[in-house]
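Please treat every number below as a calculation from the coordinates, not as lab data. From a predicted model like this one, the values you see are computed outputs, not experimental measurements. Cβ sites come from the backbone with ideal geometry, for glycine too, and all protein chains shown count toward neighbours.
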Amino acid sequence: MLTDPTSRRAFLAAAGAAGMTWLLSDLGAIDEALAHAGHAASLPRPAEFVNLSAADGADIEALMSRIITSDDGPGAKEAGAVYFLDKALGTFMAPQKDGIVAAIAEMRKQAAAKWPGTTSLAALTPAQLDEFLKGQEEGPAFGQLRFVTIVGTFANPSWGGNKDLVGWKLLGHEMKPMFQPPFGYYDAQPQGRS
Amino acid sequence: MQARPTRRFALTEEVDFIVVGSGSAGGILAKELSTAGHSVLVLEQGPRLQQSQFEHDEYKHVFQGGITSNRPVTWRRSADQEARTGDGQLLYASLVGGSSVHFTANFWRLREIDFIEASRIGGVPGANLMDWPITYQDLEPYYTKVDWEIGVSGAPGPFDPPRSRPYPMPPLPVKSSGVLFERGARKLGWHPQPAPMAINSRAHNNRPPCQQCGYCMLFGCEYGAKSSSLATVIPIAEATGRCEVRPESYVTRVETDDRGRATGVVYFDAQGREQRQRAKAVVLSCNGAETARLLLLSSSSRFPQGLANSSGTVGKYLMLNGNTTAMGQFEHPLNEHKGAQVTRMLWDFYETDPKRGFYGGGGMDARYQTWPIVFALSGLPPNSPQWGREYTRLLREYYTRQMTVAGHTTSLPVETNSVSLDPTVKDERGLPAMRITYTDHADDVKTMQFMVDRSKQILEAAGAKQVWGPDAQVQNFAAHLLGTCRMGKDPRTSVVNSDHRSHDVPNLFLCDGSSMVTSGRGQPTMTIMALAFRAGERISNLARRGEI
């Protein structure tokens, strides 16, 4: 379990355990580095969307939740992947905003044609969303939707998603300033080492 | 821990040397020339970052450009095509320390054969394979300087060339990928060995040992444990009081006088103003693509086809090395994201072997290169679902249980593979963009496929549950930029002599990947650094004797 991999205390404890006394001689530099790393891990979640409308945000989140699903544990929804997109649309993805909004509107239309009375993708059941996405796989927006879902789930939290490191926990990716061997099963086996 | 710059040269001042570029070669030349007593101005196009500014941020470094150059590059496969941006990519860092800041740190020496292969095997049709004007024995003392002054960890292997001094540091601790690589290779009767890495395995030269954070390739090391020029030689150069490193200085032209001698350079400074600095001599260490471009940009009525280009070979014979990958999935977690990228390699297939039916050779290593986003985008085996519950399940199961075997192979010097100036696409200053024309020689593609097949064999022999990887194909991506101003005795077929002095301009020196005559087997930085140590010594001696 990753508690707070960027805390100074955890770092110094690890450094001490490793006999890294050279590190302890330069605490200023360590604080600087940890402040930087900590910034990435502790940005507060925005209360609401800044660049997406509430309806678009909810619909995109619903689609994302079926790309990296929460069936067997936290996925894109719990990682807040949609907040990565929301943040990016205010900066480097701003030129793509109109296209994305239009694509979501078009998807809503398609969903309404398939399931009359549907006004939001977020109102569809998981099985309906899966069926809907299957129909989108070859479409122009799917690749981009998949890409932003993945980045929103697995990029550093400073980009707006990967809340509480949900994405990294899903993979088993630990982010720590330092590790010590053994790292994995095979290098922990005495007969495996040479 | 880092030395602060102590010297500022006025624009009106004539320095002994301008070194353009602060990477693997430029950093060492700055150190060698300044410690020998010369005044040195290093002009680096990228910014200066402190170690504490290096981040573990995959999205920034792998997808948003991070610390790499964003200057436009156009690409085409052959001269009859129109080159376009986006059809290929060169990957090199743009900051003080250059690509030595973001390299993976595989530090293979060349072997004796790499310097004399042309005369040993004869020619290869479709290529212009040449011997180097120097031998392994000439370069060996400087490889040893790299081992000790820059910092390389490792242990001798059965195919190593002779070395005059042991490694200064033992190998890095083996990872699970290294254990499995060894297991598979030994079963096949091959000879895996600890990878020589420019990463401290213990404290060395007042720098700390590797903290095994896992962010080497494409990232800067916040600990200074990776032996970049920024962490090693640049602080020494600056501490002499005779060296200034001037960041955000984009050199666009080497100027010459009516005697055909270099007088200095023109560059855009950090504020975008055009500036001139005079120098008694100029050294270009911009990398194997940028050095050639700068020479071509420096054409004049006296040098109409580009500076130092009477041979017409500036920019030609571009070599990128072949790169291959194969992936394996294992039963238990390897946790490859922990620890330095690479801990084991093998050289059993280094030599070219006529029995294979084609020229070429290479090495292999076990490594991690699928960070979380890259892995989720493309790390699962072919035919895996790409979204949904099963996709998510596979992400959970595979990420920690996967490893890569990478192959690194020869590139033949082919005249039509080149760096030139694009006739239409311009950079942000209105200067012609770099244009790459490149198709791997057919033998190079066969060598890559040979390495793909053997990489998969290793993974299977190691007990992988599943093995996959793309077949070899013509490449349109490169991080190794070699051969474009090659070294040689004959001014008609080479650009610099064995002192790295250009044949045409006596006070212009070129030293970086462009100097390499052959491509080695895929890990050129150790050789670029050794060449720079040797060049620094020879150039300084020439200057002392008044022969520049």
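Estimated from the Cβ-Cβ distance and a Förster radius of 60 angstrom, the FRET efficiency linking B:Ile134 and A:Thr91 is about 0.75. Over segment B:391-548, Cα pairs under 8 Å with separation of 6+ residues give a relative contact order of 19 percent. Based on alpha-carbon centroids, what's the gap between segment A:100-179 and segment B:71-123 in Å, whole number please? Taking the Cα centre of each part, segment A:100-179 and segment B:71-123 sit 38 Å apart. In terms of other Cβ atoms within 10 Å, B:Ile199, B:Ile113 run from fewest to most in the order B:Ile113, B:Ile199.
Using per-residue counts of other Cβ atoms within 10 Å, averaged over each peptide, order A:176-182, A:139-145, B:118-124, B:510-516 from highest down.
Values: A:176-182: 18.6, A:139-145: 15.6, B:118-124: 13.9, B:510-516: 31.3.
Packing proxy ranking, top to bottom: B:510-516, A:176-182, A:139-145, B:118-124.
Taking a ≥ b ≥ c as the square roots of the Cα gyration tensor eigenvalues, with a/c under 1.5 meaning rounded and otherwise prolate when a/b beats b/c, else oblate, which class fits chain B?
Details: a/c = 1.56, a/b = 1.44, b/c = 1.08.
Since a/c reaches 1.5 and a/b is larger than b/c, the shape of chain B is classed as prolate.
For B:Lys446, a cut-off of 20 angstrom between C-alpha atoms picks up these lysines, skipping any fewer than 8 places away in its own chain: B:Lys355, B:Lys456. Expressed as an acute angle from 0 to 90° and rounded to the nearest 10, what is the orientation of the C-alpha long axis of helix B:389-398 relative to the principal long axis of chain B? In chain B, helix B:389-398 runs at an angle near 70 degrees to the longest axis. In degrees from 0 to 90, rounded to the nearest 10, what is the angle of the helix B:136-145 Cα long axis to the longest principal axis of chain B? Tilt relative to chain B: about 90 degrees. Of A:Glu78, B:Glu547, the sequence from fewest to most neighbouring Cβ atoms within 10 angstrom is B:Glu547, A:Glu78.
Residue pairs exceeding 20 angstrom between C-alpha atoms, taken from B:Lys175/B:Lys226; A:Lys109/A:Lys134; A:Lys77/A:Lys109: A:Lys77/A:Lys109. Three semi-axes describe the equivalent ellipsoid of segment A:54-171; taken as square roots of 5 times the Cα gyration tensor eigenvalues and ordered largest first, they are 22, 17, 11 Å. Angle of helix B:176-187 to the longest C-alpha principal axis of chain B, folded into 0 to 90 degrees and rounded to 10: 70°.
As a check on your grasp of the helix formula, calculate [θ] at 222 nm for the protein assembly as shown: sum -39500 (n - 2.57) over DSSP H runs of n ≥ 4, divide by the residue count, round to the nearest 500.
-9000 deg cm²/dmol
Straight-distance candidates among the lysines for linking to B:Lys489, with alpha-carbon spacing under 18 Å and chain neighbours fewer than 8 residues away dropped: B:Lys316.
Calculation over all alpha carbon pairs of segment B:159-261 in 10 angstrom steps from 0 returns a P(r) of 11, 27, 29, 17, 11, 4, 1 percent.
Shape index of the protein assembly as shown: Rg/Rh, with Rg the Cα radius of gyration and Rh the Kirkwood radius from the inverse mean 1/r over Cα pairs, equals 0.98. Given a cut-off of under 8 Å on Cα pairs at least six residues apart, what relative contact order in percent is computed for chain B? Contact order relative to length: 23 percent.
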